[in-house]
Amino acid sequence: NEKFEAFETRQIAMHGILQQQQRIEQQKVVSASINATSSSVSDDSSVGTFLDRQIDRCRDMLKIGQPRTALGLLENIWSELPSGVEDRIRFRVRANIAACKLHFGDEKVAGTDYLEAYEYAPDDAKAVALKVLGLLLLGQPVQAWEFGLSSLGVSGDRGPLIAHLIAAAKQLPE
């Protein structure tokens, strides 16, 4: 029985080491791909398409329960974004970083990241909704309510904005 427990403990440790190595390799691949694409592709739309795919993969990792891996990859993408990349891409990376941090319960940092993300896409309905969420996470329901109400005219899917407005209304002082 003790031998089996020792074997099982070694197996668990080996599995953890293997997962860590896989994460490191994923980060290296993304980093190398971004660097290669940034230096060899002169067409900005090609770089944007490539980055969109990378961001989508990270978002999917977050959805399937790999937030730590997703966060590491997103932070790596963020630090290596080419200077001429579209603000829409900057918004997506920052917003997904915020989502990872929110997953870990770091509401204040996530809120700040959502506000920063908004600055890159202030006309985007999703960015507007996430700014309201960010203000709520920072404990600013009045500001969230006022900003959300003033933004109801934004075009696009207003469902998330309305949901965050309802949450803000519940937190308003009487």
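Laid out as a table, the results:
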item	result
Label-point gap, in nm, between residue 142 and residue 119 - each point 7 angstrom along Cα→Cβ	2.4
Inter-site label distance for residue 169 and residue 63 at 7 Å from Cα along Cβ, in nm	2.9
Anisotropy class of the range 52-150 from Cα gyration tensor, a/c 1.5 cut	oblate
Inter-label distance for residue 88 and residue 75, nm, one decimal - labels placed 7 Å from Cα along Cα-to-Cβ	2.8
Mean Cβ neighbour count within 10 Å, used as a protection proxy, ranking 53-60, 123-130 highest first	123-130, 53-60
Portion, in percent, of the accessible area of the range 52-139 that falls on carbon or sulfur, probe 1.4 Å	47
Relative pair counts by distance (%), Cα atoms of the range 111-159, 5 Å bins	5, 27, 33, 27, 9, 0
Cleavage-rule hits (chymotrypsin sites (Phe, Trp or Tyr not before Pro)) in the range 76-114: DSSP loop, at most 12 neighbouring Cβ within 10 angstrom	104
Surface accessible to a 1.4 Å probe, per residue, for the residues of the range 32-174, Å²	51
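The values are calculated or read from the model by the stated rules, or taken from the named source; none is laboratory data. Worth saying up front: this structure is predicted, and the values here are computed from it rather than measured. Here the Cβ is made from the backbone with ideal geometry for all residues, glycine too, and neighbour counts use every protein chain on show. Ligands, DNA and RNA are excluded from the accessible area calculation, which covers all protein heavy atoms including side chains. Shrake-Rupley method; radii C 1.70, N 1.55, O 1.52, S 1.80 Å.
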